[in-house]
Each structure stands twice: as structure tokens, then as C-alpha cells.
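Trainee: Starting off with a structure, shown below.
The values are calculated or read from the model by the stated rules, or taken from the named source; none is laboratory data. Keep in mind it's a predicted model, so treat the numbers as computed, not measured. A quick note on method: Cβ atoms are made from the backbone with ideal geometry, for glycine too, and the neighbour counts reach across all protein chains shown. With ligands, DNA and RNA removed, areas are computed over all heavy atoms of the protein, side chains included. Shrake-Rupley method; radii C 1.70, N 1.55, O 1.52, S 1.80 Å.
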Amino acid sequence: MTEHAHGHAADPTTDDAATAEEFWDEFYRKSDRVWSGNPNFALVREAADLTPATALDVGCGEGADSIWLARRGWRVTGTDIAQAALDRAAEHAAAAGVTDRVDWQRHDLTVSFPTGSFDLVSVHFLHATAHLSTIAALRSAAAAVAPGGVLLVVQHAAPAEGTHHHPYHVQFPTSREILDELDLVPDAWEVELDEVLERASTGHDGEAATRTDNILKVRRRTA
Ligand SMILES: C[S@@+](CC[C@H](N)C(=O)[O-])C[C@H]1O[C@@H](n2cnc3c(N)ncnc32)[C@H](O)[C@@H]1O
């Protein structure tokens with residue numbers, strides 16, 4: 001994910017937060033900025049050559065990916081469960097001069113999903129946790145891809161190096177497991193990229209670390 005600007009927040013599995021919405025809202029309200037504000041590496045690399053059209057950023061957090069896309073001419077819908085994150089994202093979009101290109105929508109993806117179809121649907125680090133099964137959200141994300149469009153799903157393949165106890169009880173699926181969750185009709189989709197990428201990162205303690213991510217890029221065929 002866009003790396004932490006500060007240390008991590010609470011543990012949803014032990015927190016008193018009654019709902020996922022309360023947990024994530026609190027997660028963002030605890031600091032002025034959680035993520036770095038930089039777009040995710042895989043998005044920058046994989047979307048750079050796409051013709052700007054319509055994009056959906058699923059679990060957009062503070063909006064760095066949505067804003068990067070908007071600056072490149074995409075019309076973006078950014079969605080997240082946390083209103084606190086969306087409010088901050090809207091502020092950053094205003095500062096970047098792209099307010100009119102991004103539509104921020106609050107959805108709990110276990111309950112609802114943005115309507116419409118999109119030329120790019122990007123899902124970065126929406127991991128299954130004690131609060132969230134990602135199956136329905138990933139399938140809705142695939143269903144929202146327009147003919148000829150791209151679905152980009154990026155998840156960590158393992159906890160950050162040196163992390164012995166992950167604070168969020170996050171699951172780290174393989175690409176095969178992500179593809180199984182997506183349950184794509186084989187003839188209707190082409191897998192353009194299935195990559196395990198190791199990259200330099202920053203751990204929760206601020207130390208240099210290595211992260212391994214699974215990157216899946218699939219394109220919906222036009223016919
Ligand atoms: C690890 S963060 C990733 C944020 C952003 N995509 C990035 O890469 O910086 C996961 C995001 O998923 C959101 N999220 C978690 N559960 C959700 C749900 N049920 N519905 C919608 N968003 C959810 C959180 O609020 C959080 O912003």
C-alpha cells in the first residue's frame with residue numbers, strides 16, 4: 001500500500017469498535033495522515049500506458065491513487081468505508097485541482113458497491129481480515145469492469161519483513177487464491193499479468209524492509 005506516514009493503528013480484532021465502519025473511521029481519525037500520499041507502485045506502472053477514461057478505486061483510503069489517476073485525465077470514482085478517509089481524500093483532491101474529476105462514494109463493500117462500469121478497476125491492499133471477507137467485493141469489482149477494461153488487484157503476499165505478529169490479522173492470499181475468489185469466466189477474461197513483486201519498503205517501525213506483493217492484471221474481452 002502507499003506506505004505509512006506514521007505508526008500503525010489499533011487491532012480490529014481486539015478493538016472495541018462495534019463495526020468495521022467505526023474501526024476504519026477511527027483508524028483514519030487517529031492521525032492527520034496514515035498513508036504517504038504517493039500512488040501505489042503497481043498502479044503507476046500498469047496504468048501509465050492506459051488511455052484515460054473511467055476508473056474505480058476500491059478501498060481508496062486517503063485517495064492517493066484516485067488523485068494520481070485524475071491528474072492523468074481519468075474520471076475517477078473512489079470508494080471506501082471510512083468517511084474520515086474520504087473527507088481527507090477530497091481535501092487532497094482539491095489541493096491537487098482535480099475535485100471535478102473524482103466522485104468520492106462511501107460504501108461498506110460487504111453491503112453495497114458503486115454502480116456503473118469502468119475502464120479500470122483498481123483494488124489495492126483490500127485484504128480479508130476478521131472484519132471483511134473480500135470475495136463479494138472482488139467479484140463486484142470484476143463485474144464493474146467495462147468490456148475491454150482492466151481489473152488490477154494488488155495484495156501483499158506476506159506480512160512486512162520483520163513483522164512477527166501482524167496487527168490486523170490480515171490474510172495474505174496467493175495469486176491462485178485471488179483468482180479463485182474472482183471466479184472469472186475463462187473465455188471472457190485474459191490474464192495479462194500474474195506477478196510476485198519484491199520491493200523495498202518501510203516497516204511499521206520506520207526501518208527499511210522488503211515487501212512482497214501479488215499483482216494480478218486481467219482484461220475483460222470485448223466479445
Ligand atoms: C490497507 S488500506 C488501503 C488503502 C489504499 N487502497 C492504499 O493502497 O493506500 C484498506 C482500505 O480498505 C478500506 N476498507 C476496509 N474494509 C472495507 C469495507 N468493508 N468496505 C469498503 N472499504 C473498506 C479501509 O477503510 C482502508 O482505507
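Trainee: Here are the criteria: (1) open to solvent by 70 Å² or more (accessible area, probe 1.4 Å); (2) at pLDDT 95 or above; (3) within 15 Å of the ligand (Cβ to nearest atom). Tell me which single one A85 does not satisfy.
Mentor: (1)
Trainee: If you check L56, L50, which single one turns out to be modelled with pLDDT of 95 or more, more than 9 Å from the ligand (Cβ to nearest atom) and part of a strand (DSSP E or B)? Lay out the reasoning, then the answer.
Mentor: Working: L50 fails: part of a strand (DSSP E or B).
Just a single option satisfies the conditions, and that option is L56.
Trainee: Can you find a residue that is among the charged types (D, E, K, R), touching a Gly at 6+ places or on another chain (Cβ under 7 Å) and open to solvent by 20 Å² or more (accessible area, probe 1.4 Å) anywhere in segment 106-126?
Mentor: Applying the first criterion (among the charged types (D, E, K, R)) to segment 106-126 yields 106, 108, 119.
Among the residues that remain, those that are also touching a Gly at 6+ places or on another chain (Cβ under 7 Å) are: 119.
In the following step, the residues that additionally are open to solvent by 20 Å² or more (accessible area, probe 1.4 Å) were identified as 119.
Scanning segment 106-126 turns up at least one residue that is among the charged types (D, E, K, R), touching a Gly at 6+ places or on another chain (Cβ under 7 Å) and open to solvent by 20 Å² or more (accessible area, probe 1.4 Å).
Trainee: Considering T222, T210, which residue is modelled with pLDDT of 90 or more and either open to solvent by 90 Å² or more (accessible area, probe 1.4 Å) or assigned to a strand (DSSP E or B) (or both)?
Mentor: Exactly one of T222, T210 is modelled with pLDDT of 90 or more and either open to solvent by 90 Å² or more (accessible area, probe 1.4 Å) or assigned to a strand (DSSP E or B) (or both), namely T222.
Trainee: Which of the numbered conditions does D103 fail, given that it passes all the others? Conditions: (1) free of Cβ contacts under 8 Å to residues at least 24 places away in the same chain; (2) open to solvent by 60 Å² or more (accessible area, probe 1.4 Å).
Mentor: (1)
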